[in-house]
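The values are calculated or read from the model by the stated rules, or taken from the named source; none is laboratory data. Treat the numbers as computed from the prediction; the structure is a model and nothing was measured. Ideal geometry is used to build each Cβ from the backbone, glycine not excepted, and the neighbour counts take in all protein chains shown.
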Amino acid sequence: MRDWFRNLTTAVVTVAQGMGVTLLAALRTYRRKTYTEAYEYPEKPLPVAARYRGFHRFDLTACIGCDKCAVACPVDCIYIDKTMDTGPDGKKGFRVDGFTIDYTKCMFCALCVDPCPVDCIFMGSTHDLSCYTRDGCSVDFAKLPLEAAWGRATLNPTVVAESKSLDAPVWVKGEPGMPAPNGAAVLPVIEKPAAA
């Protein structure tokens, strides 16, 4: 009988200790700030680690259309539309008309980054691309504004939706007024009118 009361006492004490731990943890949640108060998202961007693998950044000006990133992708979410083209200097090469990544399939493994011979694709720090349709999750980097594709501007659903209405890529090698592959701007020569 003594053992029965000792087991009963032990059971009540251990349950009370466990409930005390649970109660203290529950009360602590009322003293700390909520997630949105601590980070003020989306007004202020969330801090991400240096090697965070977010949505891709793509440099259309450097891409040579070699398809190595698409071949390396284990889930086949990269689609490259290209045509054979002769550049202004007479060299043959590919013109990239579309570079689409389907983020409904992408698993952010970064296996597409390493095989690129010209380092035109790499992982960015953008982590939010909320949209209401699956079509919004398919991003054509060749039709995005260059600043958004490079990661200098925010890759957001509005920019992606605006890029869906474009038929041609935003940049073609050798066009005046667009950045050169090394990042310097190739501006058209504008002659000033002669002073009268």
Based on what the data block shows, is F94 surrounded by 16 or more Cβ atoms within 10 Å (Cβ to Cβ), in contact (Cβ under 8 Å) with a residue 24 or more places away in the chain and under 25 Å from D128 (Cα atoms)?
no
Does L8 satisfy being surrounded by 10 or more Cβ atoms within 10 Å (Cβ to Cβ) and part of a loop (DSSP other than H, G, I, E, B)?
no
What number goes with the only condition from (1) touching an Asp or Glu at 6+ places or on another chain (Cβ under 8 Å); (2) among the hydroxyl-bearing types (S, T, Y); (3) in a loop (DSSP other than H, G, I, E, B) that T100 does not pass?
(3)
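Taking the conditions exactly as written (assigned by TED's automatic domain parsing to the domain that holds F94 and in a loop (DSSP other than H, G, I, E, B)), does A62 satisfy them or not? Spell out the reasoning first.
Working: assigned by TED's automatic domain parsing to the domain that holds F94: yes; in a loop (DSSP other than H, G, I, E, B): yes.
Yes: the conditions hold for A62.
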Please verify whether segment 115-130 includes one or more residues that are of a type in the set (V, I, T) and loosely packed, with under 14 Cβ neighbours inside 10 Å.
yes
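If you go through segment 84-91 one residue at a time, do you hit one that is basic (K, R), free of Cβ contacts under 8 Å to residues at least 12 places away in the same chain and surrounded by fewer than 17 Cβ atoms within 10 Å (Cβ to Cβ)?
Step one: list which residues in segment 84-91 are basic (K, R), which gives 91.
Now narrow it down to the ones that are free of Cβ contacts under 8 Å to residues at least 12 places away in the same chain: 91.
Filter once more, so that each one left must be surrounded by fewer than 17 Cβ atoms within 10 Å (Cβ to Cβ): 91.
Scanning segment 84-91 turns up at least one residue that is basic (K, R), free of Cβ contacts under 8 Å to residues at least 12 places away in the same chain and surrounded by fewer than 17 Cβ atoms within 10 Å (Cβ to Cβ).
Looking only at segment 11-43, which residues are among the hydroxyl-bearing types (S, T, Y), within 30 Å of T126 (Cα to Cα) and assigned to a helix (DSSP H, G or I)?
The initial filter retains those residues of segment 11-43 that are among the hydroxyl-bearing types (S, T, Y), namely 14, 22, 29-30, 34-36, 39, 41.
Cutting the leftovers down to within 30 Å of T126 (Cα to Cα) gives us 29, 34-36, 39, 41.
Residues satisfying the conditions are T29, Y35, T36, Y39.
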Can you list residue pairs whose Cβ atoms sit under 6 Å apart, with the first residue in segment 136-151 being in contact (Cβ under 8 Å) with a residue 40 or more places away in the chain and in the same structural domain as K82 (by TED's automatic domain parsing) and the second being among the small types (G, A, S) and not in a helix (DSSP H, G or I)? Count only pairs 6 or more apart in sequence or on different chains.
D140/G98; A142/G98; G151/G124
Filtered residues of segment 164-183 (kept if at pLDDT 70 or above, closer than 18 Å to K82 by Cα and small (G, A, S)):
A168
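Say whether the condition of being farther than 13 Å from K164 by Cβ and loosely packed, with under 15 Cβ neighbours inside 10 Å is met by at least one residue in segment 132-141.
Residues of segment 132-141 farther than 13 Å from K164 by Cβ: 132.
Now drop any that are not loosely packed, with under 15 Cβ neighbours inside 10 Å, which leaves 132.
The answer is yes, given that some residue of segment 132-141 is farther than 13 Å from K164 by Cβ and loosely packed, with under 15 Cβ neighbours inside 10 Å.
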Within segment 38-56, identify whether any single residue is farther than 21 Å from L155 by Cα and not aromatic (F, W, Y), and answer yes or no.
yes
Unique residue being closer than 27 Å to R152 by Cα and assigned by TED's automatic domain parsing to the domain that holds V159 when the list is D89, D67
D67
